[in-house]
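Heads up: the structure comes next, in structure tokens.
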Amino acid sequence: MTRIFKFGGASVKNSDAIINLKEIVSLHKEGLTVIVVSAIDKTTNQLEEIWKSYLNDDVDSAIQKTNKCIDFHYDIINNLVLNKDDDFVVQFNSLSNELKSFLSNNKKDNNLSYSKIVSYGELWSTCIISSYLNREGYLNNWVDARKIIKTKLNLIESDVDWEKTNEIVNQTINKKKLYVTQGFISSNSDGLTTTLGREGSDFTASIIGTCLALDEVVIWKDVDGLLNADPKWFDNTKVLKNISYKEAIELSYLGASVIHPNTVKPLQNKKINLRIKSFLVPSNKGSLISESGLDDREIPSLIYKPNQFLLSITTKDYSFVFEEHISEIFSIFYYSGYKVHLMQNSALSFSVCGIISPLKLPLLIKDLQKNYKVKFNEKVDLLTIRHYNSLDIPDFLKSKEILIQQRSRSTIRFVFKDKT
Ligand code: ASP
């Protein structure tokens with residue numbers, strides 16, 4: 001059994017969590033080849049703030065925030081007594097100095113600087129975890145993911161260059177050894193740092209697992225597996241113990257947030273098992289996503305996405321909305337970064353529910369208004385129930401104004417808002 005582990009930010013959020021990671025590794029080291037780690041806790045969010053200060057030409061604030069982030073990491077380093085490890089200290093400090101020098105000296109370029117700056121979260125965390133595991137006797141090599149995960153030219157949410165990545169991963173990784181590497185970060189053919197999109201570390205584990213044709217990818221989470229609903233919104237959630245790749249892809253497409261949407265496809269193509277397990281109770285079985293899907297239809301899943309943006313688009317001259325319009329509308333969505341979660345059309349209008357960055361919203365509306373009449377509702381909610389029966393429809397919907405309802409044999413979806 002060969003496998004790769006992925007630990008997210010919450011699973012390495014402090015020194016105790018990192019000690020817990022070591023316990024997990026010690027109990028499950030059989031066949032373990034690669035450990036992929038995200039940035040510690042909310043470091044990526046903080047690095048995004050640093051990036052914003054940097055873009056606003058506020059280098060002082062960027063450096064101040066960076067120092068705070070470094071201090072936070074140093075608390076963990078001191079607790080793990082890594083401050084006595086000279087090689088580690090040199091590596092960690094040189095990463096930190098590199099970031100500060102980039103912030104002080106580089107000219108501003110949105111995309112290039114975004115990926116470059118946020119990459120330090122994963123570089124720091126893996127430097128700590130690799131050194132700590134080495135000291136504790138779990139000998140491993142630290143690999144810079146930017147050397148092995150190659151992407152096409154775009155710098156953010158980059159497309160993977162599978163051919164190159166496959167070649168380099170197989171040249172670099174010896175399945176009999178242990179490696180620690182970063183999730184989320186990569187580089188393009190110009191050697192520039194790129195990123196795979198927020199929460200992209202699951203995808204990194206899937207890419208490496210696929211290239212090495214391992215038996216299993218294990219994602220360690222703070223929940224007991226893939227749940228049928230987010231416990232933040234619903235009580236009495238259940239673990240989907242055994243579901244198929246197809247069902248997992250449908251769920252992540254519909255918005256279930258436990259796994260990054262791109263993660264499952266490559267694993268399905270190579271029939272590699274994906275396990276979601278709890279780092280809090282590692283002895284629990286968790287969820288297995290594989291070819292067979294015993295639970296696919298057994299348990300209804302509820303996927304709730306608040307704060308959506310609902311657009312209703314009509315032609316100005318009452319002509320039908322047909323393919324040519326839809327293709328134009330979608331190219332506007334694509335360039336403005338509007339992510340579509342649900343669509344519905346009639347002869348004269350096309351309604352879409354999705355999300356967009358508030359910064360890009362004015363441009364989206366302006367571009368659509370050139371050829372269409374546009375109405376919109378902000379802050380609507382989207383609820384999807386997969387494999388529903390009428391009893392699964394939550395009571396709270398009765399007090400809401402339903403703006404769109406869509407029903408198929410397996411899935412029912414509601415776009416709604418509070419009654420006014
Ligand atoms: N650190 C990155 C993020 O917070 C990637 C990840 O955690 O998967 O989005």
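Only one of the listed residues (Y114, Y120, Y132, Y138) is in a helix (DSSP H, G or I), aromatic (F, W, Y) and more than 16 Å from the ligand (Cβ to nearest atom). That residue is Y132.
Entry remark, region 366-381: residues being open to solvent by less than 20 Å² (accessible area, probe 1.4 Å) and touching a helix residue (DSSP H, G or I) at 6+ places or on another chain (Cβ under 9 Å) number 2 in total.
Restricting attention to region 344-387 and to residues that are assigned to a loop (DSSP other than H, G, I, E, B) and under 27 Å from the mean Cα position of the chain (by Cα), the residue that is nearest to L227 (Cα to Cα) turns out to be H387. Condition first: under 20 Å from A17 (Cα atoms) and in a helix (DSSP H, G or I). Now tell me which residues in region 64-81 satisfy that. Hits for region 64-81 are C69, I70, D71, F72, H73, Y74, D75, I76, I77, N78, N79.
When S257, S252 are checked against the criterion of being under 20 Å from L383 (Cβ atoms), surrounded by fewer than 21 Cβ atoms within 10 Å (Cβ to Cβ) and within 16 Å of the ligand (Cβ to nearest atom), S257 stands alone in meeting it. Screening V59, V36, V90 for residues that are under 30 Å from T172 (Cα atoms) and either modelled with pLDDT under 95 or in contact with a strand residue (DSSP E or B) (Cβ under 7 Å, 6 or more places away or on another chain) (or both) leaves exactly one candidate, V36. One residue stands out among those in region 28-48 that are within 13 Å of the ligand (Cβ to nearest atom) and among the charged types (D, E, K, R): the one that is most open to solvent (accessible area, probe 1.4 Å), which is K42.
Evaluate the following for S390: is it among the polar types (S, T, N, Q), modelled with pLDDT under 90 and under 21 Å from Q344 (Cβ atoms)? For S390, the condition - among the polar types (S, T, N, Q), modelled with pLDDT under 90 and under 21 Å from Q344 (Cβ atoms) - is not met. Residue count for region 271-285 satisfying the condition of being open to solvent by 10 Å² or more (accessible area, probe 1.4 Å), closer than 24 Å to V25 by Cβ and more than 16 Å from the ligand (Cβ to nearest atom): 9.
Sort out which residues of region 158-193 are in contact with a strand residue (DSSP E or B) (Cβ under 8 Å, 6 or more places away or on another chain), surrounded by 15 or more Cβ atoms within 10 Å (Cβ to Cβ) and of a type outside the set (V, I, T), and write them in order of number. Across region 158-193, the qualifying residues are S158, D161, K164, L178, Y179, Q182, G183, F184, S186, S187, N188.
If you check S61, S11, which single one turns out to be of a type in the set (G, A, S), within 16 Å of the ligand (Cβ to nearest atom) and outside any loop (DSSP other than H, G, I, E, B)? On inspection, the qualifying residue turns out to be S11. Report yes if F88 is touching a Leu at 6+ places or on another chain (Cβ under 6 Å), in a helix (DSSP H, G or I) and buried (at least 18 other Cβ atoms within 10 Å of the Cβ), otherwise no. Here the answer is yes, as F88 does meet what is asked.
Do we have T204 as at pLDDT 95 or above and either touching a Cys at 6+ places or on another chain (Cβ under 8 Å) or farther than 26 Å from K116 by Cβ (or both) here?
Judged against the criteria, T204 is not a match.
Of all residue pairs spaced 6 or more apart or on separate chains, those with beta-carbon atoms under 8 Å, a first member in region 268-289 that is over 14 Å from A205 (Cα atoms) and a second member that is at pLDDT below 95 and among the aromatic types (F, W, Y) are I289/Y245. Among the candidates I243, I219, the residue that is of a type in the set (A, V, I, L, M, F, W, C) and within 15 Å of the chain's Cα centre (by Cα) is uniquely I219. Taking region 222-240 as the range and being open to solvent by less than 40 Å² (accessible area, probe 1.4 Å) and closer than 16 Å to D202 by Cβ as the test, the residues that pass are V223, G225, L226, L227. Taken over region 329-353, the criterion of being of a type outside the set (G, A, S), open to solvent by 40 Å² or more (accessible area, probe 1.4 Å) and out of contact with any strand residue (DSSP E or B) (no Cβ under 9 Å at 6 or more places or on another chain) is satisfied by Y334, Y335.
Looking at region 314-325 only, could you name the residues that are exposed (fewer than 15 other Cβ atoms within 10 Å of the Cβ) and in a helix (DSSP H, G or I)? Show your work before the answer.
First, pick out the residues of region 314-325 that are exposed (fewer than 15 other Cβ atoms within 10 Å of the Cβ): 316-320, 322-324.
Passing the criteria: E323, E324.
Residues that are outside any loop (DSSP other than H, G, I, E, B) and more than 16 Å from the ligand (Cβ to nearest atom) were ranked within region 195-240; the one that is nearest to N45 (Cα to Cα) is L227.
Residue by residue, here is whether (1) open to solvent by 10 Å² or more (accessible area, probe 1.4 Å); (2) in contact with a strand residue (DSSP E or B) (Cβ under 8 Å, 6 or more places away or on another chain) holds:
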residue	(1), (2)
L99	no, no
L103	no, no
K108	yes, no
S113	no, no
S119	no, yes
I129	no, yes
N140	yes, yes
I148	no, yes
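The values are calculated or read from the model by the stated rules, or taken from the named source; none is laboratory data. Keep in mind the model is a prediction, meaning the values are calculated, not measured. For neighbour counting, all protein chains shown are included, and Cβ atoms are generated from backbone atoms with ideal geometry for every residue, glycine included. Areas reflect the complete protein model, heavy atoms only, side chains present, ligands, DNA and RNA absent. Shrake-Rupley method; radii C 1.70, N 1.55, O 1.52, S 1.80 Å.
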